[in-house]
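The values are calculated or read from the model by the stated rules, or taken from the named source; none is laboratory data. A quick note: this is a predicted structure, and the numbers were derived from the prediction, not measured. Reconstructed Cβ throughout: ideal geometry from the backbone, glycine too, with neighbour counts over all protein chains shown.
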Amino acid sequence: KESRITRGPGVITRYIAFPHEIQRSLATLISTGVLERYPNLKIVSSENDIGWIPHFLYRLDHAWTKFHAIEGVKLSMRPSDYFKRQVWGTFQDDPVGVATRHFFGLDRIMWASDYPHTDSTWPHSRKVIAENFAGVPENEIKQMVAQNVIELYRMEVN
């Protein structure tokens, strides 16, 4: 069954707005000092890809430089450093995200199939992975497709 998000008029606008909503939430968590006060808090940004992250981190640091005195919260690091320390991002089909993976950090990127949702790559996941990761070293593919998930969730793999 499809959700309201993927049905009817406005579906494209709602779909495109996913990253915007998470950007607002993450900017609030960072700029109000939540990640400063809770350095062990881990956040997974899912179902909105990762290609937007490099520009978001630039804008976050830029805004902090210009407006931190107005915000009135003291942070011991740049906002992007909190993000890189405590946030992981998932993606299904995002060649831009893969191309900019080193800006965000390989250890914070996780591929996801998004099954059983409308945006899922299933049953063509292997093809999508091959296309998105064309030219990427095998060790980096393994890290983003499996290793980061295993480490973050402390999974036992035999």
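The single condition among (1) at pLDDT 95 or above; (2) more than 24 Å from L26 (Cα to Cα); (3) in a helix (DSSP H, G or I) that R126 does not meet is (1).
For the range 35-67, the tally of residues that are buried (at least 16 other Cβ atoms within 10 Å of the Cβ) and more than 18 Å from Y153 (Cα to Cα) stands at 13.
When I141 is tested against (1) of a type in the set (A, V, I, L, M, F, W, C); (2) surrounded by 13 or more Cβ atoms within 10 Å (Cβ to Cβ); (3) closer than 30 Å to I12 by Cβ, only condition (3) is not met.
Taking the condition within 19 Å of R24 (Cα to Cα), touching a strand residue (DSSP E or B) at 6+ places or on another chain (Cβ under 7 Å), touching a residue at least 24 places away in the same chain (Cβ under 8 Å) and of a type in the set (V, I, T), does I109 pass? When the stated conditions are applied, I109 does not pass them.
Once the range 13-28 is narrowed to residues that are of a type in the set (S, T, N, Q) and at pLDDT 90 or above, the residue that is surrounded by the most Cβ atoms within 10 Å (Cβ to Cβ) is Q23.
Listed by position, the helices (runs of 4 or more DSSP H) contained in the range 1-106 that have at least 1 residues being touching a Gly at 6+ places or on another chain (Cβ under 6 Å), touching a residue at least 24 places away in the same chain (Cβ under 8 Å) and charged (D, E, K, R) are 79-86.
Take the range 116-135 and flag every residue that is within 22 Å of W52 (Cα to Cα) and surrounded by fewer than 16 Cβ atoms within 10 Å (Cβ to Cβ). H117, T118, A130, E131, A134, G135, listed by residue number.
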